[in-house]
Each structure stands twice: as C-alpha cells, then as structure tokens.
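Only one structure is covered here, and it is reproduced in the block below.
The values are calculated or read from the model by the stated rules, or taken from the named source; none is laboratory data. Please read all numbers here as calculations on a predicted model, not as lab measurements. Note that each Cβ is placed from the backbone with ideal geometry, even for glycine, and that neighbours are counted across all protein chains shown. Remember, those area values only see protein heavy atoms, side chains included, never the ligands or the DNA or RNA. Shrake-Rupley method; radii C 1.70, N 1.55, O 1.52, S 1.80 Å.
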Amino acid sequence: MPSLAPLPLSTQATVIRGLGPARAAALQEGGIHTLRDLLMHLPYRYVDRGSIVPLGELEMRRFEPDLEDREIITVLGEVHDLRQSLTRIQKMALTEVLLNDGSGTLKLVFFNQPYLGRSLKIGDRLLAFGPLVEGRNGLEMRGPHIEQMGHAVGGNPHGGLDDIWVSRFLPLYRKMGPISSLVRKKMVEEALSRALPPEEWLPTELCRHLPDTLTALRLLHQPPDESDGRLLNLRETPAHQRLAMEELFAFALGVELRRAGRLKRRGLVVPTSPELRNRLKSFLPFHLTGAQRKVFKEIVDDLTSGRVMHRLLQGDVGSGKTLVAFLSMAMVAETGGQGALLAPTEVLARQHALNFERLLGDEAHRIQLLLGPMKAAEKREALARIASGEARYIVGTHALFQEAVKFNDLRLVVVDEQHRFGVKQREALKQKGLDPHWLVMSATPIPRSLALSLFGDLDQSVLDELPPGRQPITTKLLDTEGAERAWDLIEKEIKAGRQVFVVSPSIDPVDESKVKLRDIQAMESLIRARFQGLDLEVVHGRLKPDDMAARMERFVRGDAKLLLATTVIEVGVDVPNASVMVVDHAERFGLSQLHQLRGRVGRGAARSFFVMISNVETERLHVLVKTQDGFEIAQTDLEIRGPGEFFGTRQAGLPQFQVADLVRDRKLLQLCREAAARAIATGLSDAQNEWLQREQARLKLAEVS
Ligand code: ADP
Ligand code: MG
C-alpha cells in the first residue's frame, strides 16, 4: 500500500477509500461527517476470542451457578438449520436457528424478528451472545444478539476467521445501512493509520493521567491483547475517560460561559412593599407549606436583586408548584408588569388558566389564555389585551412565542415542565428586545447531583414537602390474569361516586409489527363490554384540540366517570374526585412517567389506588410499589434507562454525547465544571475556542437549558 498523506481529524470521512455513494450516504445519515465522527462512534461491544464457548461444552455450563445469573455467553458457529413459524398462543413470529461449530449444536430462538428468516442463510457464520435458558428440548439461547461474520471456510466456523480476527479482541460496530461491522472496522483502521494527532486542548489537570486523543482512539478501536475486556465493555477504561472528558469539558465550557454571561446582565427589578405582600396573601386559599414559603422567598430575592432570574423549581408531583408559579406571576402582575406561563399542552394551559381564575376571583379578567388554534377573532382580541397590558397573567402554549405576540411589559416567564423548552424560545423573546426573568418548573424530579451538573446555569429551588393531609396512594402490580381485580376495584369506586383513569400506551405502527400489545381500541372494547352503559371518554394524541378539550372537560366536570387515555394526561391534570388509575402494559413506561401518572390520583379526600398491569419487568415496576418518593424513583429510573430515555431522548435538548454518560460520568462532569470556570476566568486558548465551536455544533450544546 502506498503511504497516504496524514490528515487532520476534521477531514471529511469520505476521504476513506472505496466508499461508494450508498456507503457515503449511510455515513451522513448516521451523523458521521468527519474522521473524528467516524472515530468517536466507538464499538458497542468487544468480543474476546478466548471467551467463545465451544458448543460441545455448553451442556457442562448448565450446572454452573453462573447460569442462574443469566450470564451472557458468546458462541460462534455456522447456521445449520433455519425455521420460521408462529408462536401458538400469541401468534408471534418465531425464528429458530440451529448453530453448529463442529463440537456441538445450539438452538437460537428469536421472537418478533421475521426479517431474520430472510437475511440469514444456511452456511452463514454467526457470532451470538445472550443468556442460556433451559428450553423444551435442552439448552437454548433466547433473543441473542448476533453478528454475521461471513461464511465459514471448509465447514469450519473458525476457518478463514484469522483475516478478520487478527488480535484477541474483536470490536463490533452497529450496522449502518450497507456498512456492516466488518466494513466499518476496515474504515476505522484506515482513518487511524492516517490521522494526525490533534492539538491538546484539555487543561492539564483534567488529562494528566489519561492517554492523548489519538492514543485513546487507537486503544478503543484496536485494543491491545493485554486490555481489560471487562472495563472495555463497561466503557470505563482510561481511554474512555479521556474521550468522555473531551465531550464533558466542551459541555461544561458552554454552560459556564452562558452562566457568566447571565450574571453580567442587568435584570428588571420588581419592587415589593407591605401592600403587595398583603395583596398576595389575600389571593391564597390556604397556608403555604414550609417548602413553598422557602422557595417563594428565593424567587422574591431574585426578582428584587437586579440580576436576571433563571431558576429551576423542582418538586415532586403534588408538591404545589402551581401555587408558587402563581405567586411569582402575581409579584410582577401586581406591580405593573406582565407574567406569562408556558404550558406543554393545551389541556394544561386551560387548566392553569382555570386555577388562576379561581385564585384571582373578582380580578379574573386580568388573565388571558393564548392557544395556537384559537378562532381568528378570539385570537385578535387576546393579542390586543396582551399588547395593551389589560392582561397581566398570560397563560398559553408555545403560541406565546409567535411573532404576532406583542407584550406590553413582560417581566417573568414561568415554564411548566422544562424539558420541552430550550434556549430557542429564550432567543425568540430576546429578538423582541425582552429579557424577562425565568422560572422553570420540572415535573420530573431530577436527582440533585445530576440537576446541578446538567442545568448548571440555572439556580435551583426544591419543594421537598407535600401539602398536609395527603394520603399515600395504594399501589399494586397485577399480571394480566390478575387484572380482574382491577376491574372489580373500578366498579366499586364508580359505584361509590368516584372517577377512574385507565391509561393505555400509545402504540406506533412500527412497534405493532414487533410486539403484541393491547392498544387503546382493544382496551375500549374491553371496558365497554365489562361496564355496560358506563359513561366514559376516550382521549389520545390524534384528536383535534377542540375535541380533546371537550372530552376532557366532560371528565373534569364529573359527567364522564371513566377516562381512557394515552399519556396525554400525564402531566398536571387535576381531578380530585378521581380515586383510581389503572395503567395497562406498565412496562412500556418509565418509572418517573408512571410516578407522574400516579400523581393524578390521591388529590382528594378518598383513599386512592394506582394499579399497574404487566407481565414483564416486574422487578423494575416494583420500585413504585415500594416507594412514593419521586426523587428516589427518578434516580432509579435514570440508572436503569440512562439519561436519553429518561428525559425523552432528543426533544429533551440533552447534549448528544458519543462516549460520555451523564449518569455514569457525573464525577468527571463535576471536575470539568470546575476546570471550565477556571479556564474562563483565565481566558480560553485558541485551541479551546476552536474545539468549543465545533463541539457545540456536534453535541447540539446550544439547545441545552
Ligand atoms: P404540582 O407540583 O404537581 O404541580 P399542584 O400545584 O397541582 O402540584 O398542587 C397539587 C394540589 O395541592 C392542588 O390541588 C393544589 O390546590 C394543592 N395545594 C397546593 N399548595 C397547597 C397548600 N399549601 N396547602 C394545601 N393544598 C395545596
Ligand atoms: Mg403541575
């Protein structure tokens, strides 16, 4: 091979030789634009050649205690037989593959992956890993992960493998369109052989004990035989830490820069007076809890300080965030300004407006609701009232940030449920010359350590106390066979005059082909058959907003006794007369999401019940039976699902890290934050500025908080 010119990591990935248009397109699609991108997408797993168990030895494993732990076993063999059928009861696609490696055979069993039957052929060489289970006819591997390794040579599954498997560890890459793991491995090899080492840009205190960037990439794509396979697979080697540190330091710089910028800005000063305090008190229907008082004081301090408030208010479901939001808005509204509350959905915006009307009583005309799909005349009037300042309390959805909205004197924005909100909206307001105070309320409690690192440019307030008189909610987990008990409970509660929620998971067509689920229509038929003549409403995301609002309204008023819904009711809906919630296919939900759902009941005086129906993942779901502490649940949820899933993936505006993990690496992040503050104080180097620019684009840092 003629020696090729060395290349900086910023070079387009298409310099790799032999990339046809299809592969080039697949790279683009997969977010791989430069050599750096190619190299930062690490193998998802490393297979140690020495760990492959000959099939003939599997029988002996059966009696090892490890088997109990569902240890992942790696096997390599040739497809000897392939059968497709349907499972007897659920009619799921069933694919059975008989693997042979000369020493013995093993059956691999796949559910709901009918395409496997088309993509696999007799004679294919497969690497499979998964747990062993006792099947009807001996040991089998159910739902293993597989990698196609070309064809076995001369009937020997290891034959010809030496070309691919040159050293002890074989890195496996996620398939990207036509780019298989093995093709990717070759591309990475070329990139590594040509890459120029980048200039060091991490502060010495962060990387003193870590390999440099290029060395780290080599260690992770071509692990030397003496590497620790366990640490590699856990992504906990020093090389991983080096790459994670780069991402986290860029992230921390972004956050710290924004915070430093905010602290320099002058904020609107909201004046207070004894009259104002009395007036606010006159609106209150009950005594504030200690936590509400503490948090409100923190907000008042901000509003009167001359700085711009950016505060995150966290509190468990039912801790009374709305009242704090109202008081904060009243602070500005009653001193000549305007406050706006941004709700994630129309249902919630209407409900907040209704709540505020109750609190304001005779002064309710000072409230204005603003929604996207309002009638033209209605909207015109709303906009006029906002522009004239007649409306002081403005409640709405994202329509609040549209071009046409002119505020009279906007001083505070409260955001209910922060994950759907980003810097973009703040920018939209800045475009209008507005720099209001911000109060961001989180419906999902975020463990404090993580919140501090994640939303570092927001100050934190926590409502850590529930209003008095709350009864714990009786929580049960039933399997499908036991579900009759849930229907009995519903019957009893409705007879007693109370109302009931039933939640079905929203199912998209992609899922439907893979997993058999009871969808909302099936649930509706079941309920109608079981409770004949019952007045019920069904709501889901595909309804027109008007229709949705009308149906919800019938339930809120108490006309409908049962509300069957997808998670559109997840946040905030307040119906004190509802005493039961049943969630079908509870395994489809995150723990925090279930906890939010549970918070919809137990708001009145009656004893309330939360019932989950599920046949799987019972251990995870049991956490909800054990505790009602939202922070504890969030921590567990975060550990199980990782931050992406936990926050609802991309829309969440979380940085898109390749290597770093906000939960696993929270200690590293803390170090990076401290180092970032120091680096900003002393001024960034050119190399640091350059990295920051690039990483902000790649990690989408600008979207964060
Ligand atoms: P969340 O924090 O989940 O948004 P809400 O603001 O909806 O909670 O409050 C939950 C319920 O508690 C509401 O019905 C509200 O009226 C009631 N509540 C709020 N603050 C108090 C308080 N200080 N004393 C009694 N009840 C309160
Ligand atoms: Mg709320």
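If you go through the stretch 87-112 and keep only what is at pLDDT 85 or above and open to solvent by 50 Å² or more (accessible area, probe 1.4 Å), you end up with LEU98, GLY102, SER103, THR105, LYS107, PHE111. For beta carbons closer than 6 Å, sequence separation of 6+ or different chains, a first residue in the stretch 9-24 that is open to solvent by 60 Å² or more (accessible area, probe 1.4 Å) and a second that is at pLDDT below 90 and not charged (D, E, K, R), the qualifying pairs are ALA22/PRO178; ARG23/PRO178. Restrict the check to the stretch 255-263 and report whether at least one residue is β-branched (Val, Ile, Thr), in contact (Cβ under 8 Å) with a residue 24 or more places away in the chain and open to solvent by less than 40 Å² (accessible area, probe 1.4 Å). Scanning the stretch 255-263, I find at least one residue that is β-branched (Val, Ile, Thr), in contact (Cβ under 8 Å) with a residue 24 or more places away in the chain and open to solvent by less than 40 Å² (accessible area, probe 1.4 Å), so the answer is yes.
Among the residues of the stretch 125-145, those identified as in a strand (DSSP E or B) and farther than 17 Å from LYS175 by Cα are GLY130, PRO131, LEU132, VAL133, GLU134, GLY135, GLY138, LEU139, GLU140, MET141, ARG142. Only residues that are open to solvent by 50 Å² or more (accessible area, probe 1.4 Å), more than 30 Å from LYS281 (Cβ to Cβ) and in a helix (DSSP H, G or I) were counted across the stretch 355-395, and they come to 6.
Highlighted here are the helices (runs of 4 or more DSSP H) found entirely within the stretch 179-279 that include at least 2 residues which are of a type outside the set (S, T, N, Q) and in contact with a strand residue (DSSP E or B) (Cβ under 8 Å, 6 or more places away or on another chain): 181-194, 213-221, 229-234, 238-264.
Limited to the stretch 213-243, what total is found for residues that are in contact (Cβ under 8 Å) with a residue 40 or more places away in the chain, hydrophobic (A, V, I, L, M, F, W, C) and either open to solvent by 40 Å² or more (accessible area, probe 1.4 Å) or in contact with a Gly (Cβ under 7 Å, 6 or more places away or on another chain) (or both)? So the count comes out to 0. LEU466 passes all but one of (1) open to solvent by less than 50 Å² (accessible area, probe 1.4 Å); (2) within 16 Å of ligand 2 (Cβ to nearest atom); (3) at pLDDT 85 or above; (4) touching an Asp or Glu at 6+ places or on another chain (Cβ under 8 Å); which number fails? Among (1) open to solvent by less than 50 Å² (accessible area, probe 1.4 Å); (2) within 16 Å of ligand 2 (Cβ to nearest atom); (3) at pLDDT 85 or above; (4) touching an Asp or Glu at 6+ places or on another chain (Cβ under 8 Å), the lone unmet condition for LEU466 is (1).
The set of residues in the stretch 555-582 being at pLDDT below 85 and open to solvent by 50 Å² or more (accessible area, probe 1.4 Å) consists of ASP574 alone.
One residue stands out in the stretch 299-315 among those that are open to solvent by 20 Å² or more (accessible area, probe 1.4 Å) and part of a loop (DSSP other than H, G, I, E, B): the one that is farthest from ligand 1 (Cβ to nearest atom), namely SER305.
Looking at GLY590, GLY604, GLY630, just one residue is small (Gly, Ala, Ser) and open to solvent by 10 Å² or more (accessible area, probe 1.4 Å), and that residue is GLY604.
Of the numbered criteria (1) touching a residue at least 40 places away in the same chain (Cβ under 8 Å); (2) on the phi < 0 side of the Ramachandran plot, the one SER282 fails is (1).
Would the stretch 393-400 turn up any residue that is of a type in the set (A, V, I, L, M), within 22 Å of VAL270 (Cβ to Cβ) and within 16 Å of ligand 2 (Cβ to nearest atom)? Scanning the stretch 393-400 turns up at least one residue that is of a type in the set (A, V, I, L, M), within 22 Å of VAL270 (Cβ to Cβ) and within 16 Å of ligand 2 (Cβ to nearest atom).
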